[in-house]
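What follows is a single structure, written as structure tokens, with notes after it.
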Amino acid sequence: MRCIFRLCIGMLLTLALAGCDFYSPSSQLEQIRQRGEIRVGTLYGPTSYYQRDDVAQGFDYELAKDYADWLGVKLTIVPTYSTAELVELLEKKKLDIAAAAIVVTPERRKLFRFGPGFYQVSPKLVYRNGSPRPKDLGDLKGTIVVPAGSTGEDLMKELSKQNPKLNWSVNRNADVEELLKQVVDGKVDYTVVQDTVLARTQRYYPELTEGLTLAKKQAVAWAMTKLPDDSLYASIIDFFGQRFMDGSIAKLDEKYFGHVQNFDFVDTRTFLQRAKSLLPKYQELFQTHAKEIDWRLLAAISYQESHWDPQAKSYTGVRGMMMLTEPTAKAMGVSDRTHPEESIKGGARYLQEMMEKVPDSVPDDEKVWFALTAYNIGYGHMMDARRLTKDLGKNPDAWSDVKEVLPLLQQSRWHRKVRYGYARGGEARNYVNNVRQYYQSLLWLDNEQRKAHRREELDEDDNSEPSATDERPTIIAEVVKQIIP
């Protein structure tokens with residue numbers, strides 16, 4: 001898991017010293033409570049804030065929502081497309097907090113006050129796969145383009161002092177996501193992004209390649225306007241202290257970053273190609289039989305199991321699109337494991353049963369990862385991993401802890417101490433990680449297709465009859481064609 005900063009004694013002293021302002025009726029915090037609203041600025045992007053299936057998501061969004069609930073006020077999100085715009089709003093005091101994966105730099109500390117760092121990022125030079133890999137900044141064969149007001153711009157200014165001939169420019173009309181797409185399309189030679197953004201974006205733009213690490217890891221934190229009043233700052237220190245202690249920060253880190261390491265270009269490209277050529281044949285079956293399960297998750301499991309091949313067979317005898325064993329297939333009412341619909345229906349039913357068996361002490365949004373582990377190595381082995389996690393002093397209800405313990409099930413030192421003996425725990429951990437990666441890619445592809453449909457609808461005359469596309473399921477292949485011709 002990415003390094004998480006622990007609160008230090010100095011922060012606690014700051015909270016104690018700020019106590020008089022914390023409860024002052026005229027303090028910034030009290031004003032927020034009186035108006036019943038906290039205004040948080042953020043950036044549209046894969047790590048801070050985005051809409052998926054009309055539901056707001058993102059690391060910074062979830063953390064800000066938790067903070068607003070903790071204060072007992074309404075959260076008003078003010079999303080922007082550039083760091084420059086976000087900084088301007090903060091300077092004009094139109095925001096209480098800026099929460100947008102903001103990197104803490106010496107230059108920014110002169111302008112703003114920062115809360116505690118809650119994860120770290122590393123700035124990467126990014127280029128398109130197939131272009132020559134640069135050895136250093138002096139080896140670049142083009143121009144670096146960065147968004148205005150971004151950490152990339154600050155970094156380029158600093159690097160230019162040691163590299164006067166460095167060729168770079170600022171784009172005031174494009175955000176990080178747009179510049180990454182321009183790199184993919186060959187319109188921009190290089191850009192600079194945080195490693196967390198690159199890792200997620202590579203799942204649907206595999207041509208993006210890491211070139212150089214441009215600086216040491218830097219802390220990400222919330223930013224506030226510098227004021228004599230310490231009440232909001234002290235409150236944020238208190239909030240983060242509690243969330244570090246109860247594991248909430250670690251849980252969010254796992255949710256958004258825990259599955260995006262170890263990018264594989266060939267695997268990702270193959271997945272996207274099959275999403276274009278094979279998934280349309282079976283998408284309606286996944287949608288029909290998923291029921292309570294997200295159909296895109298079911299499709300991701302099927303890809304991990306069989307690469308959407310109905311005739312797939314392993315050396316252990318499992319078969320079909322969902323790779324069911326004979327006993328499991330029989331229990332799920334599947335007579336022909338190689339029949340696509342029977343296999344998908346049986347796999348969905350089996351996964352649902354596993355999810356229902358996962359103990360209620362596991363948070364609802366993490367039950368699926370425990371269920372997938374059971375789907376892969378069996379329910380008994382999954383429970384063994386939970387028991388072993390507890391024995392080792394970790395949290396058996398936290399996926400971030402259990403996934404680290406799973407490989408121990410295949411070590412003789414440990415599998416003799418559990419009820420069901422040896423299990424391929426390391427493979428199970430990789431299995432869940434892979435499914436999560438494919439799932440995230442399908443979520444993005446499907447969401448892009450839905451946005452395209454909405455744009456088509458907006459272009460239609462308000463009085464026109466509904467088009468044939470209004471009732472059809474989204475076909476992810478249409479989006480993939482734009483990525484892989």
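The values are calculated or read from the model by the stated rules, or taken from the named source; none is laboratory data. No experiment lies behind these values; they were computed from the predicted model shown. Neighbour counts run over all protein chains shown; Cβ positions are idealised from the backbone, glycine included.
Annotations
- Test: residue in region 426-434 that is over 30 Å from residue 50 (Cβ atoms) and in the same structural domain as residue 305 (by TED's automatic domain parsing): yes
- Among the candidates 317, 346, the residue that is in the same structural domain as residue 371 (by TED's automatic domain parsing), closer than 18 Å to residue 376 by Cβ, small (Gly, Ala, Ser) and surrounded by fewer than 21 Cβ atoms within 10 Å (Cβ to Cβ) is uniquely 317.
- Number of the condition not met by residue 338 [criteria: (1) surrounded by fewer than 20 Cβ atoms within 10 Å (Cβ to Cβ); (2) part of a helix (DSSP H, G or I); (3) touching a strand residue (DSSP E or B) at 6+ places or on another chain (Cβ under 8 Å)]: (2)
- Here residue 407 fulfils each of the conditions (1) closer than 23 Å to residue 252 by Cα; (2) assigned to a loop (DSSP other than H, G, I, E, B) apart from (2).
- Count of region 359-377 residues which are surrounded by fewer than 17 Cβ atoms within 10 Å (Cβ to Cβ) and either among the aromatic types (Phe, Trp, Tyr) or not in a helix (DSSP H, G or I) (or both): 4
This table checks each residue for (1) touching a Lys or Arg at 6+ places or on another chain (Cβ under 9 Å); (2) surrounded by 17 or more Cβ atoms within 10 Å (Cβ to Cβ); (3) farther than 22 Å from residue 377 by Cβ.
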{"residue": "255", "(1), (2), (3)": "no, yes, yes"}
{"residue": "275", "(1), (2), (3)": "no, yes, yes"}
{"residue": "281", "(1), (2), (3)": "no, no, yes"}
{"residue": "286", "(1), (2), (3)": "yes, yes, yes"}
{"residue": "300", "(1), (2), (3)": "yes, yes, no"}
{"residue": "305", "(1), (2), (3)": "no, yes, no"}
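- Screening residue 105 on (1) surrounded by fewer than 21 Cβ atoms within 10 Å (Cβ to Cβ); (2) out of contact with any Asp or Glu (no Cβ under 7 Å at 6 or more places or on another chain); (3) not aliphatic (A, V, I, L, M) shows it passes everything except condition (2).
- Matching residues, region 319-335, being on the phi < 0 side of the Ramachandran plot and outside any helix (DSSP H, G or I): 319, 321, 322, 324, 325, 332, 334, 335
- Pairing residues of region 187-216 that are free of Cβ contacts under 8 Å to residues at least 60 places away in the same chain with residues that are of a type outside the set (Gly, Ala, Ser), at Cβ distances under 7 Å and at least 6 apart in sequence or on separate chains, gives 188/145; 188/179; 188/182.
- Filter pass, residue 247 being on the phi > 0 side of the Ramachandran plot and among the small types (Gly, Ala, Ser): yes
- The strands (runs of 3 or more DSSP E) located wholly in region 169-222 include none with 2 or more residues which are out of contact with any strand residue (DSSP E or B) (no Cβ under 6 Å at 6 or more places or on another chain), surrounded by fewer than 24 Cβ atoms within 10 Å (Cβ to Cβ) and not assigned by TED's automatic domain parsing to the domain that holds residue 270.
Results for (1) in contact (Cβ under 8 Å) with a residue 60 or more places away in the chain; (2) of a type in the set (S, T, N, Q); (3) part of a helix (DSSP H, G or I), shown as yes or no for each residue.
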| site | (1), (2), (3) |
| --- | --- |
| 270 | no, yes, yes |
| 273 | yes, yes, yes |
| 283 | yes, yes, yes |
| 299 | yes, no, yes |
| 305 | no, no, yes |
| 309 | no, no, no |
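- Of the candidates 288, 316, the single residue that is more than 30 Å from residue 64 (Cβ to Cβ) and assigned to a loop (DSSP other than H, G, I, E, B) is 316.
- Members of region 410-455 found to be among the basic types (Lys, Arg) and part of a helix (DSSP H, G or I), listed by number: 413, 429, 436, 450, 451, 454, 455
- Residues of region 378-387 include at least one that is part of a loop (DSSP other than H, G, I, E, B) and either closer than 30 Å to residue 278 by Cα or touching a Lys or Arg at 6+ places or on another chain (Cβ under 9 Å) (or both).
- For region 227-237, the criterion of being assigned by TED's automatic domain parsing to the domain that holds residue 352 and among the hydrophobic types (A, V, I, L, M, F, W, C) is met by none of the residues.
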